[in-house]
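Only one structure is covered here, and it is reproduced in the block below.
The values are calculated or read from the model by the stated rules, or taken from the named source; none is laboratory data. Keep in mind the model is a prediction, meaning the values are calculated, not measured. Cβ placement follows ideal geometry from the backbone for every residue including glycine, while neighbour counts extend to all protein chains displayed. To get the accessible areas, we keep the full protein, side chains included, count just its heavy atoms, and leave off ligands, DNA and RNA. Shrake-Rupley method; radii C 1.70, N 1.55, O 1.52, S 1.80 Å.
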Amino acid sequence: MSGLPREEPSDQQHSSSSAIDATNLIRNQPPTKVLMKKPLTIDTESLELKENEKVQLYRHQVAGHYPIFWKSGVICKPIQKNELEFYQYISEHLKDIIPFVPRYLGVVTMNYGDLPPTPTEIKTKGSAMAEFPEQSSQTAEFNRFSKWGLRCHQKKKSALKRPVVKYIKLEDLTMPFSRPNILDLKIGSRVYGVGDDPDKVKRKIQKSAKTTSKSLGLRLCGMQVYNSDDDEYVFRDKFYGRMLDEKGFYAAIEEFFTHEGTLRVAVVRSFLRQIEKLLQVVAEQKSFQFFSSSLLFICEGCRPSDQKNLHGGVKNKDFERIDLRFIDFAQSARDTEKKGVDEGFLMGLENILSHLKTLEAKGKRHNAEAQKGEGDAEDSSTRTEQNTARKRKLEVA
């Protein structure tokens, strides 16, 4: 599309000696047909913005700069020019990627007066949450908000204080989940956009050099993990992610995939399959360069057996349900020179694939050891019963 800026010369890409050569791995393989995942079935009519329903702060925002709003099952993000043009372009020219991004539902204009009041911060057990003084019946199921969404609302809402602001409408991917666990990973070693001024580029490169973006092509931007004991979430924000070294980063990923002390092998495996499909699609396309985009991981955080005791909300019977989407395209740029995505981006996807394979193997090993332990315990119990029976026979004799 002509409206997107041309790509400027990129900075020297960083790589790790342990990173997989993603470019060779993908580009040296013959093109294969990608089996797209089946989109979640959501009633489109229910996603229309209802005039009589209040706009609310989106309760599951774990990253980003500006507050995201929610209305009638639709999330509303302030429009970024490149992101809007990306969604409009792929609907006609890059349809293979559509199943891997949130469903685009158009644009809506809202007045500043339509936006909700800033929530009241509540301190509970050392964690900050937020509540609105009023909630519609449709969203009263879990009247708590991530600390990051609260922060964005408090710091950035005034920036939206204009007569009207246009918002992109996207499907709320958390709708099918009772208590969604969410992980936002920034992909790539280049974290600045083509339109950033030289000073901003310099600052971003310096900031990135101190994080796992440089060595892994990955950085944790936000995470929430449900704790069923308290019916609350444990939150991790971008400042936490910036402090992590490689070991800490991988430990945080394992935390996301652990429930009650057990690695969720089936969930890890499902995400693996989806990332492999996404990697193939983005590596083969030559329409866009992706900078500062993210992978969004969503999985159920509450077992179906525990959901019956929760206040309201959907009841998701599939504890292994997942959703993986490619998000955040404000820094995307048309690939006018047909280079394909850069090596730092591919390195990030390959590194998260490699680590998930390691987690899958670790979980399988632990499960096998646990089953063996149970078998040994049963054998020991059987031997004890047999010895007891022999002893009784001897006593009778």
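How large is the charge dipole for the stretch 259-370, taken about the Cα centre, if only the Cβ atoms of Lys, Arg (+1) and Asp, Glu (-1) carry charge, to the nearest 20 debye?
360
Whole-Hz Karplus ³J(HN,Hα) for the stretch 256-271, in order, using 6.51 cos²θ - 1.76 cosθ + 1.60 and θ = phi - 60°, x for Gly and Pro?
Each residue of the stretch 256-271 in turn: 4, 9, 10, 10, 6, x, 10, 5, 8, 4, 5, 5, 4, 4, 5, 5 Hz.
If you count, for each residue, the other Cβ atoms within 10 Å and average over each peptide, how do 212-223, 264-275, 56-67, 151-162 line up from highest to lowest? Let's see the in-between values first.
On the way: 212-223: 25.4, 264-275: 19.2, 56-67: 22.2, 151-162: 14.3.
Going by the mean number of other Cβ atoms within 10 Å, highest first, we get 212-223, 56-67, 264-275, 151-162.
Which residues' amide hydrogens lie under 5 Å from the amide hydrogen of residue 288, considering only partners 5 or more residues apart or on another chain, with H built in the peptide plane?
Here 335 satisfy the definition.
Which order do the peptides 243-254, 336-347 come out in when sorted by mean C-beta neighbours inside 10 angstrom, highest first?
Details: 243-254: 15.9, 336-347: 19.2.
Order by mean packing, descending: 336-347, 243-254.
So what does log10 I(q)/I(0) come out to for the stretch 184-313 at q = 0.15, 0.19 Å⁻¹, using the Debye formula with one equal point on every Cα and no solvent?
Values returned for q = 0.15, 0.19 Å⁻¹ are -0.85, -1.17.
Ignoring any ligand, DNA or RNA, what whole percent of the accessible area of the stretch 177-301 comes from carbon and sulfur when the probe is 1.4 angstrom? Write out the running numbers ahead of the final one.
Values: 2110 of 4300 Å².
After summing per-atom areas, the C and S share lands at 49 percent.
I'd like the Karplus ³J(HN,Hα) series for the stretch 156-163: coefficients 6.51, -1.76, 1.60, θ = phi - 60°, whole numbers in Hz, and an x wherever there's a Gly or Pro.
10, 4, 5, 5, 8, 7, 10, x
Could you tell me which of the pairs 247/339; 202/277; 81/200; 81/210; 71/161 are separated by over 23 angstrom between their Cα atoms in the structure shown? List each step's numbers first, then the result.
Values: 247/339 32 Å; 202/277 34 Å; 81/200 19 Å; 81/210 29 Å; 71/161 19 Å.
Going by Cα-Cα distance, 247/339; 202/277; 81/210 fall outside the 23 Å limit.
List the residues whose amide H sits under 5 Å from the amide H of residue 106, counting only those 5 or more places along or on another chain, with H placed 1.01 Å from N in the peptide plane.
Placed amide hydrogens put 169 under 5 Å from residue 106.
Applying a 10 Å radius around every beta-carbon, put 189-195, 281-287 in order of their mean neighbour count, most first.
189-195, 281-287
If you plug each phi of the stretch 283-289 into the Karplus form 6.51 cos²θ - 1.76 cosθ + 1.60 with θ = phi - 60°, what whole-Hz ³J(HN,Hα) values come out, in order, with x for Gly and Pro?
6, 8, 7, 10, 9, 9, 9
Given the options 160, 176, 150, identify the residue whose Cα lies farthest towards the positive end of the charge dipole of the stretch 142-188 (+1 on Cβ of Lys, Arg; -1 on Cβ of Asp, Glu).
Working it through, the farthest residue towards the positive pole turns out to be 160.
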